[in-house]
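Bear in mind that the values in this text are calculations on the coordinates, not laboratory data. What you see is a predicted model; the values in this text were computed from it and never measured. With ideal geometry, Cβ positions are generated from the backbone for all residues, glycine too; neighbour counts draw on all protein chains shown.
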Amino acid sequence: MKTLTDIPNLTGAKVLVRVDFNVPVKNAVVTDDYRIRKALPTIEFLKGKGARIVLISHIETADGVADKTKKPTLAPVADYLNKNGVSVTFVKNWTNAFEASETLKDGEVILLENIRENNGEKLNDTKFAKQLATLADIYVNDAFSVSHREHASVCAVTEFLPSYAGLQLQSEIENLSLAFNPAHPFLFILGGAKFDTKLPLINKFLKTADTIFIGGALANDALKAKGFEIGTSKLSNGEVDISDIVNQPQIMLPADVVIEGHITKDITVVGKSDVILDAGSKSLAQLKDKIGSAKFILWNGPLGLFEKGFTEGTEELAKLIAGATVSSVAGGVAKSIVGGGDTLSAISKLNIEDKFTFVSTGGGAMLDFLAQGTLPGIKALEDSKE
Ligand code: 3PG
């Protein structure tokens, strides 16, 4: 895979940069800028070499929450960039994209509107990818967090332009790959929902992790498979039989849980009408022990239901891992790699981003990369003949 320093001559070259600016927005203001900040080094590198930059991204949420009646727009991201030292021209209408890219001067940047307005994008359509390629001389993928998608601006476009990995994409690959050769004791904490989609990951890390703590809604499936009462809590393992997995000696499950009304109960006394919504204090004490002796910690996914405000367990966990991590600000003994949307929002809220070895920009992409060791967007860069 070629990287930015392999590009022969950037002065005056038009560079199509795929970034992931799919960020939360409220009242037309970006409310979490982590992904944008992580794309800036690549943009600055290219600007510094006199390249002409065409930024492309998707955005899925309109204002506040995913609202199907509102059209998601990158306009708030353009405002954010202009207010934070990166001067960009926002191109609202895709019909003006070609003209806008042609009139760029050295070091100038344009941001095109939500690429998913084009039908060909999600279809990984060759014709659309060819059109995209007419906007530039070079393609750079700096959007790790969407590289699990076979979309035109991630995959098909690499067939038509010389293609390179951006700095954040490179950094994600390097850091997440640490999990393939971890120091021991290796603690893997997996939260969130959708047990069935996370099974490959659990199976893979059962081979290398010393402890796998299963939290969040995933734990409901695991607790049920172990014969505990979980009331009417959310389940997700569908038809899959997970009894073998949950009885492996490395698997650790919450000892207590928080139910509706913020009441903490031991897992042995959960009632038929209870709904589990977070991990309890005993569960966090269990985790504290493991975190204290771990040399490598990998964490993705919240312990509680964020949408309903059950963020406490996740925030407490973030603080525990931050305190155990080798970093300039903390000073523990473990390396820590963390990621996932809700995980990231807990970390941003606590302002402890620099206390981890690495904070991934990826949600689904992080999980897929960890399970498969690569992603469609990475393969496309490696296979690019251009
Ligand atoms: C994400 O938020 O995980 C990425 O931006 C990918 O978005 P998607 O799930 O809508 O493809």
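Around the amide H of Phe90, modelled in the peptide plane, lie the amide H atoms of Leu111, all under 5 Å away and 5 or more residues distant in sequence or on another chain.
Taking the radius of gyration and the Kirkwood hydrodynamic radius from Cα positions alone, what is the Rg/Rh ratio for the chain, to two decimal places? Write out the running numbers ahead of the final one.
On the way: Rg = 22.0 Å, Rh = 21.9 Å.
Across the chain, the Cα-based Rg/Rh ratio is 1.00.
Using Cβ point charges alone (K and R +1, D and E -1), the dipole size of the stretch 272-373 about the Cα centre works out to roughly 320 debye.
All C-alpha pair distances within the stretch 1-65, sorted into 10 Å bins from zero, spread as 19, 43, 25, 12, 1 percent across the bins. Remark: the stretch 160-177, residue by residue, has Karplus-estimated 3J(HN,Hα) of 10, 9, x, 10, 9, 8, x, 5, 5, 4, 4, 5, 4, 4, 4, 6, 5, 5 Hz, where x stands for each Gly or Pro and the curve is 6.51 cos²θ - 1.76 cosθ + 1.60 at θ = phi - 60°. Name the residue from Leu190, Val258, Ala209 whose Cα lies farthest towards the positive end of the charge dipole of the stretch 177-304, charges +1 on Cβ of Lys and Arg and -1 on Cβ of Asp and Glu. The residue sitting farthest along the positive end of the dipole is Ala209.
In a simple Cβ point-charge model (Lys, Arg +1; Asp, Glu -1; nothing else charged), the stretch 329-382 has a dipole of about 100 debye relative to its Cα centre. Of the residues Gly309, Val109, Pro8, the one whose Cα sits farthest towards the positive end of the charge dipole of the chain is Pro8 (charges of +1 on Lys and Arg Cβ, -1 on Asp and Glu Cβ, taken about the Cα centre). A simple spin-label model places the labels of Leu123 and Ile263 5.4 nm from each other, with each point 7 Å out along Cα-to-Cβ. In order along the stretch 224-229, the Karplus-derived 3J(HN,Hα) couplings, from 6.51 cos²θ - 1.76 cosθ + 1.60 at θ = phi - 60°, round to 4, 4, 8, x, 7, 6 Hz, and Gly and Pro are given as x. Here the dipole of the chain is about 260 debye; that uses its Cα centre as origin and unit charges on the Cβ of Lys and Arg (positive) and Asp and Glu (negative).
If you wrap the tightest convex hull around every Cα atom of the stretch 74-194 and split its volume per residue, you get 170 Å³. Whole-percent P(r), the stretch 1-111, all Cα pairs, 10 Å bins from 0: 14, 45, 31, 10, 1. What the Cα convex hull of the stretch 278-373 gives, in volume per residue, is 92 Å³.
Taking 0.36 nm per residue of separation and subtracting the current Cα-Cα distance, fully stretching the chain between Leu235 and Asp106 would add 41.1 nm. Using the average count of surrounding beta-carbon atoms within 10 Å as a protection proxy, the listed peptides 99-105, 139-145 rank, highest first, as 139-145, 99-105.
Placing R0 at 22 angstrom, the Cβ-Cβ distance between Lys130 and Thr3 gives a FRET efficiency of 0.35 after rounding to 0.05. In order along the stretch 74-82, the Karplus-derived 3J(HN,Hα) couplings, from 6.51 cos²θ - 1.76 cosθ + 1.60 at θ = phi - 60°, round to 8, 3, x, 6, 4, 4, 4, 5, 5 Hz, and Gly and Pro are given as x. If you take the charge dipole of the chain about its Cα centre, with +1 on Lys and Arg Cβ and -1 on Asp and Glu Cβ, which of Pro376, Leu350, Thr73 is farthest toward its positive end? Among Pro376, Leu350, Thr73, the one farthest towards the positive end of the dipole of the chain is Leu350.
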